[in-house]
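What follows is a short report on a single structure.
Derivation of every value follows stated rules applied to the coordinates shown; laboratory data play no part. None of these values were measured; they are calculated from a predicted model.
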Amino acid sequence: MRTSFAGTFGLLVCGALGAVAPAYAAPSAKAGAAISAQCAACHGNNGIAVATNMPNLAGQNYAYLLSQLEAYKNGTRKNPLMNEMAKPLSQQQMQDLAAYFASIPIRVGPPGRMHPRTGR
Ligand code: HEC
């Protein structure tokens, strides 16, 4: 009786979670790549920023990228440009974009080299 109660309870919980869980698909780097065209003007095609006052996104951690996009969208991180950019994005699109930029491989070396873009 006990085990069947646990089993039934488990099924009920799973069923309830399934019913209320939003129908997001798994994060897709491929879908993110398609949306990322609107980010390229500043963050570059490959996630390397086009100007030195903009952050590179290539190879950044998925969880960090997603949390920052969420923060721009809900206004807890304030930047006029990024608040505007994030506002229309759905949760799924933010996940896809985070997956895309996180999936771009980067290589780091020892410190002390000149910055490849600025040469300083
Ligand atoms: C018009 C230029 C511009 C565009 C377009 C743009 N960004 Fe940004 N983005 C910036 C700037 C500038 C910052 C730094 C803002 C700050 O200081 O908070 C930034 C910051 C970010 C950050 C935080 C990075 C960090 O290291 O904390 C993320 C993530 C990001 N952008 C993602 C995106 C995505 C995804 C898109 C496309 C949907 C996009 N951005 C489009 C200019 C832009």
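What list of ³J(HN,Hα) couplings, whole Hz, do you get for the range 53-59 from phi and the Karplus terms 6.51, -1.76, 1.60, once you set θ to phi - 60° and write x for glycine and proline?
9, 10, x, 6, 10, 4, x
Pull up all non-local amide H partners of GLY47: gap of 5 or more, or a different chain, and H-to-H distance under 5 Å with H placed in the peptide plane.
Placed amide hydrogens put nothing under 5 Å from GLY47.
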